[in-house]
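Notes for the one structure printed next.
The values are calculated or read from the model by the stated rules, or taken from the named source; none is laboratory data. Small disclaimer: the values here were computed from a predicted structure and weren't measured. Neighbour counts are summed over all protein chains in view; Cβ atoms, including those assigned to glycine, are modelled from backbone coordinates with ideal geometry.
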There are 2 protein chains.
Amino acid sequence: MFNKFFNPKSVAIVGASNKPGKVGYVIAENFSKDYNGNVFFVNSKPNPIFGKIPYSSISKIKDSIDLVIISVPAKFVPQIVEECVNKKVPSIVIITAGFSEIGLEGKKLEDKIKKTISGTNTRIIGPNVVGVYNPSTNVDTVFLPKDRMNRPKKGNIAFISQSGAVASTIIDWLAEEGIGISKFVSYGNAIDINESDLLEYLGNDKETKVIAVYMEGIKSSGKKFIETLNKVSKKKPIIFLKSGKTKSGSIAASSHTGSLAGSSKIYSTVFNQFGGIEALDWEELIDFIKAFSLQPLPKGNNLLIITNGGGFGVLAADEAERQNLNLKPLSKSTIMKIKNKIRPNASLRNPVDLTADSDASMYNIVFNNSISNYDGAIIITLFQVPTLDESIIKIILDMKKSGKPVLCCASGGKFTSKISKIIEGKGIPVYPTPRRAVSSFGTMVRYMKKKKY
Amino acid sequence: MFNKFFNPKSVAIVGASNKPGKVGYVIAENFSKDYNGNVFFVNSKPNPIFGKIPYSSISKIKDSIDLVIISVPAKFVPQIVEECVNKKVPSIVIITAGFSEIGLEGKKLEDKIKKTISGTNTRIIGPNVVGVYNPSTNVDTVFLPKDRMNRPKKGNIAFISQSGAVASTIIDWLAEEGIGISKFVSYGNAIDINESDLLEYLGNDKETKVIAVYMEGIKSSGKKFIETLNKVSKKKPIIFLKSGKTKSGSIAASSHTGSLAGSSKIYSTVFNQFGGIEALDWEELIDFIKAFSLQPLPKGNNLLIITNGGGFGVLAADEAERQNLNLKPLSKSTIMKIKNKIRPNASLRNPVDLTADSDASMYNIVFNNSISNYDGAIIITLFQVPTLDESIIKIILDMKKSGKPVLCCASGGKFTSKISKIIEGKGIPVYPTPRRAVSSFGTMVRYMKKKKY
């Protein structure tokens, strides 16, 4: 049903513009470049836009249109939606802001639009959104230019967001980190399609392995939301960043997307009870989706930690305990096998501290001789020490062959960033602190347990 | 008393090496390059090191030596310390690992060394450390090469660390972020100079405005530590990252620097009661020291938040409530003055949401007309939107003239990073999430209140 939003054969942009910097310019530019379907521009003025004279209105276009993108001032929007309904357009994205989020007058405009589409086959995303991005089809209604906001490559993470700004920041960050997405939707005021509709659609979407959600409050009914969450979270991990939790936050939220944000506790309880995963801020959201997107789920909570920096091992062990992970010691037979192959002052507990003068091969020795006793591993590499060279990259990537989840921790300056990007680009997530790596592992364990029972 | 560690006129490196990659090579290289005092190399083999034939022992050097750096296997160290005492060397850094952290035999070596210096004027940092770095004098015993670990520029943050690895990672990160330090010490097993000694010294150090501490457990007596903390924290903020908190963490810590890590709760209570500030991980540690290092302290908890992304405002407001900050609304007279100068759909509550189509000048208008009613501001800028151009840099930097603390939040990809680095390089800290910016502000407020009463 929502397919035309993500795979339209033809698109019309109402409010397309030839003025660089304008919202309607960026969207027109997006569709002029890499999109393969038919594109129509609509503007009341007949000045050419990317070489084409625009149509003066939707109704003047004779071809059928799968997706209409509206970016004109709010007061003109109800009229355009009516034209779309008359033309039997199945999908509309209303980018324009200035509706219920600014007060009663905007609310009236929304009600008018809702009435217009009621009982028809026309569905709406928005208003007050950045819209839709699908890297497979190059459908890109995001009005933030590409030199400001990178677009992520194709991948298996779907991301839906009530707020356009939060969404675009996360999208930009994902692109920068080289993490791919399947689909992105900013759903804003959600006068028609809401988070529950999208969760249901993405639950069945074959390109999507993990779903990330930024919300300030639910737009569907509580019952619908809980039913959907309960059903979809059994298929795929859904990670929520819910803001508008506290009193001040709720006030800010109500002026932002016109949503009445609910009590933090109620949401946390609902997420927890019906299989959702909650992130504390969007840095944590990205930490978690990286792990779920790139790695298999652990089958239990036995975690192996290997480090070349003792202090980092301590920080990791602290977090493992908070996450209820089991740092069971290396078996005696493992210790017998490896102790002469690593540094004499290495610590063969768990965390295994190889010490600062170890080299890459020692990670290999410890991992291969012990991973069969564990459900996954965290590999901590301090690239500041001279004995650890780039051969660690292949060794870490080879750990994927174990079939168990492996997360890395590496932090520091330029050299560290370079190596980390290579490793993460090839499918092993890298975190800048031990706490963040271990907490992501712990979250995978909790999801696996919930899914199972 | 500790001055010779940071400003020595002459240095001897025992275990200096001509083999690239070796610890003794990196240290010899560090002192061969930018250090202005006399440098002596000591090695039992007469092969030239950076063009100089090494001395066969400390006692063969006729000149007086302010600082001896020892990097030879543990079993040789007691003998060398004895030679240093005979030569009346005031300061020794023992880099070598393999002492009490590996067990009884190492502990015996430590006891021997302690006995040797007892009653003398020779003081020791270490063993099991990366040592000392002072950007003012280019004293740099850090054995991690500069292409792996950047050195930060001169600044006002002192950083002491029990763990060398955690320290070097943080140092690398600070350099990468362009944050300057006054002095760095890794104190490891602390058989002589411990964290309390260093806190006392840094409390009186004119180059130091903020002190950061990574510790796994205290090495001085509890009484001494509390007295020192209580005294020094009244002069300067001291931010602790304490690991080895939980059971697993404590086991890891005892095998790392030979420290018996205490209960988390006891430490947190002590920090809190005697003026210390605790960070949850070293990312938070850096967040806090950036704020204290670059900005003045707020005089109260009234915070102004300005954003061009509504969702970010909501996330910031949530955190402000958790931090007990007061987001009092804009005054009526302020609203009257500015409402016609910003976008009609902007939200003039606090957070002030300028909306995505605002430009840089609108930040200026809101800030200048309202900051007199607040104790500080958080400026959230989403550079993904096309209307916000680089003129925001000057506007944000000009906010320093208010004399009030200003922290920024900006996150995203390349463009955002570029602008953020410029702003932070000129003295306004930039955080990647609203939560982290607001939590840093809240920490400054709490410190200010503790200091006052």
**Fill in**
Reported set for the range A:206-230 where residues are within 26 Å of A:Asp281 (Cβ to Cβ) and either of a type outside the set (A, V, I, L, M, F, W, C) or in contact with a Ser or Thr (Cβ under 7 Å, 6 or more places away or on another chain) (or both) is A:Thr208, A:Lys209, A:Val210, A:Tyr214, A:Glu216, A:Gly217, A:Lys219, A:Ser220, A:Gly222, A:Phe225, A:Thr228, A:Asn230
**Message:** So A:Lys88 ticks every box in (1) surrounded by fewer than 14 Cβ atoms within 10 Å (Cβ to Cβ); (2) of a type in the set (D, E, K, R); (3) not in a loop (DSSP other than H, G, I, E, B) but one. Which box is left unticked?
**Reply:** (3)
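Condition check ((1) buried (at least 21 other Cβ atoms within 10 Å of the Cβ); (2) touching a strand residue (DSSP E or B) at 6+ places or on another chain (Cβ under 8 Å); (3) at pLDDT 95 or above; (4) not β-branched (Val, Ile, Thr)) across all residues:
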{"position": "A:Leu199", "(1), (2), (3), (4)": "yes, yes, yes, yes"}
{"position": "A:Ile218", "(1), (2), (3), (4)": "yes, no, no, no"}
{"position": "A:Leu229", "(1), (2), (3), (4)": "yes, yes, yes, yes"}
{"position": "A:Pro237", "(1), (2), (3), (4)": "yes, yes, yes, yes"}
{"position": "A:Lys247", "(1), (2), (3), (4)": "no, no, no, yes"}
{"position": "A:Ser250", "(1), (2), (3), (4)": "yes, no, no, yes"}
**Asked** So B:Ile378 clears everything in (1) surrounded by fewer than 19 Cβ atoms within 10 Å (Cβ to Cβ); (2) touching a residue at least 40 places away in the same chain (Cβ under 8 Å) except one condition, right? Which one?
**Response** (1)
**Asked** Can you name the residue in the range B:370-381 that is hydrophobic (A, V, I, L, M, F, W, C) and out of contact with any Leu (no Cβ under 7 Å at 6 or more places or on another chain) and, of all such residues, is nearest to the other protein chains (Cβ to nearest Cβ)?
**Response** B:Ile380
**Message:** Anything in the range A:319-357 that is acidic (Asp, Glu) and either closer than 16 Å to A:Ile371 by Cα or surrounded by 24 or more Cβ atoms within 10 Å (Cβ to Cβ) (or both)? List them, or say none.
**Reply:** A:Glu319, A:Asp353
**Request:** May I ask you to list the residues in the range A:1-60 that are farther than 14 Å from A:Val139 by Cβ and basic (Lys, Arg)?
**Result:** A:Lys19, A:Lys22, A:Lys45, A:Lys52, A:Lys60
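Any idea which of B:Asp287, B:Asp318, B:Asp353 is closer than 30 Å to A:Val213 by Cβ, more than 7 Å from every other protein chain (Cβ to nearest Cβ) and in contact with a helix residue (DSSP H, G or I) (Cβ under 7 Å, 6 or more places away or on another chain)?
Of the residues listed, the single one that is closer than 30 Å to A:Val213 by Cβ, more than 7 Å from every other protein chain (Cβ to nearest Cβ) and in contact with a helix residue (DSSP H, G or I) (Cβ under 7 Å, 6 or more places away or on another chain) is B:Asp287.
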**Request:** Go over the candidates A:Lys290, A:Lys299, A:Lys339 one by one and state the one that is more than 16 Å from A:Ile380 (Cα to Cα), in contact with a Leu (Cβ under 9 Å, 6 or more places away or on another chain) and at pLDDT 95 or above.
**Result:** A:Lys290
**Request:** Scan the range A:6-28 and give yes if some residue there is surrounded by fewer than 14 Cβ atoms within 10 Å (Cβ to Cβ), touching a helix residue (DSSP H, G or I) at 6+ places or on another chain (Cβ under 7 Å) and at pLDDT below 95, otherwise no.
**Result:** yes
**Fill in**
Conditions (1) of a type in the set (D, E, K, R); (2) surrounded by fewer than 20 Cβ atoms within 10 Å (Cβ to Cβ); (3) farther than 24 Å from A:Lys339 by Cα -> A:Asp389 fails only (3)
**Asked** Among the residues of the range A:388-404, is there at least one that is over 18 Å from A:Gly310 (Cβ atoms), of a type in the set (Asp, Glu), away from chain B (no Cβ under 14 Å) and free of Cβ contacts under 8 Å to residues at least 60 places away in the same chain?
**Response** yes
**Request:** Would you mind finding the one in B:Phe76, B:Phe31, B:Phe40 that is of a type in the set (Phe, Trp, Tyr), assigned to a helix (DSSP H, G or I) and within 30 Å of B:Lys153 (Cα to Cα)?
**Result:** B:Phe31
**Request:** Check the range A:284-306 and report whether any residue there is among the acidic types (Asp, Glu), in a helix (DSSP H, G or I), outside the structural domain of A:Val213 (by TED's automatic domain parsing) and within 24 Å of A:Glu424 (Cα to Cα).
**Result:** no
